[in-house]
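The values are calculated or read from the model by the stated rules, or taken from the named source; none is laboratory data. Predicted, not measured: the structure shown is a model, and the values here were computed from it. Here the Cβ positions follow ideal geometry from the backbone for every residue, glycine too, while neighbour counts run over all protein chains shown.
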Amino acid sequence: MSVTDTRERLLEIALELIWQSNYSCVGVNEICKQAGVTKGAFYHHFESKASLFCEATAYYWQVIRNDLDAVFSPLNSPLVQLENLLHFLIMAKLGNDQAGIRGCPFYTSGAQIGSNEEKVIEALELLSSNAVKYNAALVHGLKSGGYLEEDVDVDAEQTGLLLYHFIHGVFSYAHVHEVVENTKRDLTVGIYRLLGLKREHWYAAEPNWVPQQANSHFVEQVMLPRRSD
């Protein structure tokens, strides 16, 4: 395995383990074991677990960008973009329905780390900021297109942030209670209400997003598992 392959393998395994568990529970020994590398090889690439986590968040964003760009493609109406987002979230968090409902490990990691881990906090803030920007652009498009209630004063940036918090709140709650159909309903209706989407536009569009080629085992087999059908 080349140096580049080893580094990428460690990033992929770290993402898989953190996604399936959480930051606090995943240790360097387990990462090395699953990746099939020595601790010496690990510390050749990363000075600590925190360092690996920071780079893993950046790597994660890099490998899902194609999917997010497809979800929010300007070739689609804002209404289709909204349904694409809901479809993306449900697929990413519910997966193949065999692994249970997942919360977001990056979101929950913020509550698990100490205030002295500044680099980790900065990495999480950047990841959150990127997601909120996509949300805000969607809100702006819906508002400009006349899809939102006229008597609702919508601030795109603030609403984008509220969407981010709501989405992760829904899945954090669902991770405990694991009622899939309730989660789908609550997520969809909650986002419609939070946006102030006009009733005639509820469930009015069909999503057209499909998982993009990612060249990442984590994305294609764990986060957004490709289905044979």
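What the table below lists for this structure:
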read-out	value
Test: residue in the stretch 53-60 that is surrounded by fewer than 19 Cβ atoms within 10 Å (Cβ to Cβ), modelled with pLDDT under 90, farther than 24 Å from VAL132 by Cα and outside the structural domain of HIS175 (by TED's automatic domain parsing)	no
Only listed residue being within 20 Å of LEU89 (Cβ to Cβ) and either assigned to a helix (DSSP H, G or I) or within 17 Å of the chain's Cα centre (by Cα) (or both), chosen from ALA136, ALA123	ALA136
Which listed residue, of ALA111, ALA92, ALA99, is at pLDDT below 85, closer than 21 Å to LYS184 by Cβ, surrounded by fewer than 17 Cβ atoms within 10 Å (Cβ to Cβ) and of a type in the set (A, V, I, L, M)	ALA99
Count of the stretch 9-30 residues which are free of Cβ contacts under 8 Å to residues at least 40 places away in the same chain and either in contact with a Leu (Cβ under 6 Å, 6 or more places away or on another chain) or acidic (Asp, Glu) (or both)	2
Members of the stretch 35-53 that are in a helix (DSSP H, G or I) and acidic (Asp, Glu)	none
Residue match in the stretch 46-53 (condition: in contact (Cβ under 8 Å) with a residue 24 or more places away in the chain and under 16 Å from the mean Cα position of the chain (by Cα))	yes
GLU55 being of a type in the set (Asp, Glu) and under 20 Å from GLY146 (Cα atoms)	no
Selection within the stretch 14-34 - modelled with pLDDT under 90, buried (at least 18 other Cβ atoms within 10 Å of the Cβ) and assigned to a helix (DSSP H, G or I)	ALA14, LEU15, GLU16, LEU17, ILE18, TRP19
Selection within the stretch 150-159 - within 22 Å of TYR203 (Cβ to Cβ) and surrounded by 12 or more Cβ atoms within 10 Å (Cβ to Cβ)	VAL152, VAL154, THR159
Condition met for LEU142 (assigned to a helix (DSSP H, G or I) and under 23 Å from LEU94 (Cβ atoms))	no
Residues of the stretch 64-88 that turn out to be within 21 Å of ALA14 (Cα to Cα) and crowded, with 20+ Cβ neighbours inside 10 Å, as a count	2
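Rundown of residues vs (1) under 19 Å from SER21 (Cα atoms); (2) in contact with a Gly (Cβ under 6 Å, 6 or more places away or on another chain); (3) surrounded by 16 or more Cβ atoms within 10 Å (Cβ to Cβ), yes/no style:
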position: HIS175; (1), (2), (3): yes, yes, yes
position: GLU181; (1), (2), (3): no, no, no
position: LYS184; (1), (2), (3): no, no, yes
position: TYR192; (1), (2), (3): no, no, yes
position: ASN208; (1), (2), (3): no, no, no
